[in-house]
1. Any idea how far the Cα center of the stretch 354-411 sits from the one of the stretch 315-348, in Å?
2. Show me, for the stretch 338-344, the HN-Hα J-couplings you get by feeding each phi into the Karplus relation (A = 6.51, B = -1.76, C = 1.60, θ = phi - 60°), rounded to Hz, glycine and proline as x.
3. Looking at Leu251, Val314, Cys262, which one has the Cα that reaches farthest to the positive end of the dipole of the stretch 189-334 (charges on Cβ: Lys, Arg +1; Asp, Glu -1)?
4. Using the Kirkwood formula over every pair of different C-alpha atoms, what hydrodynamic radius in Å results for the stretch 347-456?
5. Under 15 Å from the Cβ of Leu196, count the other residues' Cβ atoms, weight Lys and Arg +1, Asp and Glu -1, and hand me the total.
6. Quickly rank 423-436, 166-179, 360-373, 241-254 as a protection proxy: mean count of other C-beta atoms within 10 Å, highest first.
7. Note down the net charge around Thr293, summing +1 for each Lys or Arg and -1 for each Asp or Glu among other residues with Cβ under 15 Å from its Cβ.
8. For Lys432, give me every one of the aspartates and glutamates with a C-alpha distance below 14 angstrom, ignoring sequence neighbours fewer than eight places off in its own chain.
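What follows draws every value from the coordinates through simple rules; no lab data is involved. Quick caveat: nothing in here was measured; it's all calculated off a predicted structure. Virtual Cβ from ideal backbone geometry, glycine too; neighbours counted across all protein chains shown.
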Amino acid sequence: MPSYQFLLATIILCLLQSHQTFSLQSNTFLLPLSHTLSSTSTNSSLHHLLKSSSLRSATRHGRRRSTHHRPPLSLPLSSGSDYTLSLSVGPSSSPTTVSLFMDTGSDLVWFPCSPFECILCEGKPNFNSNSTISPPPADSRLVSCASPACSAAHSSQPSSDLCAAAKCPLDAIETSSCSSHACPPLYYAYGDGSLLAHLRHGRLSLSSSKPNSLSVSNFTFACAHSTLAEPVGVAGFGRGPLSLPAQLSALSPSLSSRFSYCLVSHSFHADRLLHPSPLILGRSPEVSTIGPTESAFVYTPLLHNPKHPYFYSVALEAISVGPTKILARSDLASIDHAGNGGMVVDSGTTFTMLPEETFSRVSAEFARHMSSAGFSRAKETEAKTGLSPCYHFNSDRSSNRLVPSLAFHFKSNATVELPRRNYFMGFKSEGKRVGCLMLMNGGGLTDETDSGPAGTLGNFQQQGFEVVYDLEAGRVGFARRRCTALWDTLARG
């Protein structure tokens, strides 16, 4: 898109004019991702975690299927279903550390700044009313209404319109001399929350697990002063010019052209998250040594979405349950001129969401296999978790062998065979052993306003894979990995 390329080039030019600290080897930078389970209260039951995660996954997916508002930011998920990273803002002499949700489904970095009001945040797992929220970083300044960054944050609205909203005089608008007027506040509405924020330029730093640092002093971010049910900020990794990777391209083009992560498998057990999940900027995954339980990368091309260009959309063509290959609904494999269709690869949604027609066929075939193997339905577990179908299931080796295999077939013959724990999870429910299919029904088309991405590939199904977002080649890749071993290898250097 020419407008996107112009905005990105202008923002990069501004970043290049700022001071940077960049001490990487081989243009690779390693960051730890922490799962919110690691800080979850032990009082949170597994039923609660599954129910809240399924509800928030459905809400996030449903919000995207609306034509009323462009949702450029993420809908942070509840405890037990999301990943965070830490970064520092402010002067190098007195930086402030902030923890943000890492989200490939949004394209802006924002965090709370005092004075800060969070409405309806009591009871939120990540909300602490006694925590100290810092004011805007001392070295930061408001972004001008005439800045390309302001236009990018406001859905590419013309600078003249934005400066008019900022009450810049007409003569100054006509002569393009409104640089002293600040970018208008940003308002974002979610499925169950919203925020008001001001766009600012300032210093941002990232620290690796090794003694490496990365710093940009003219980074564009948003300070939120008022939110509704949104206590934690977001580090957007989407395809927009204000995303974190895009703004790091001033330091090295490879940092914005390619990144990957490997999510440690947890099955909603915090004690399995002793290692962080590696987030890798700039690394070429082909340099990896493949272990005996790992696989080579398979790649599928990225689809362009004219309405939501920040999404990483791919084409899902079919799903195999056991030996049966089920063709996906046609809109999962393509995107029309209005931005409808495709499957979004998303780090911020827990469970994979499929259109009702496709989900019904997949779950019916799965149920046929499970019924033939002698497993009975656990309806009470389905009601308590929001997942379906669920079964009375012992989780022993003989039972595991009876669960049918499941694989996603993406465009370009990219088949991703899921390990059983990624799509069927066994656990205890009121003293009984059960297991549930960990895919969800994303609903059907109800009216003309029900539009947007047809499906979402959630982070639960991505566990145990290195997922690479290769923007330079226009593709997304998947490879089975032992994520804890990958972290150890990369952290040692």
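1. Cα centroid to Cα centroid, the span is 20 Å.
2. For the stretch 338-344, the Karplus curve yields 8, x, 9, x, x, 10, 8 Hz.
3. Positive-most Cα among the choices belongs to Leu251.
4. 15.1
5. On the way: positive: Arg200; negative: Glu117, Glu230.
Residues near Leu196 contribute -1 overall.
6. Values: 423-436: 18.3, 166-179: 14.3, 360-373: 16.6, 241-254: 23.2.
Descending packing order for the listed peptides: 241-254, 423-436, 360-373, 166-179.
7. Every neighbour counted, the sum reads +2.
8. Straight-distance partners of Lys432: Glu380, Glu382, Asp396.
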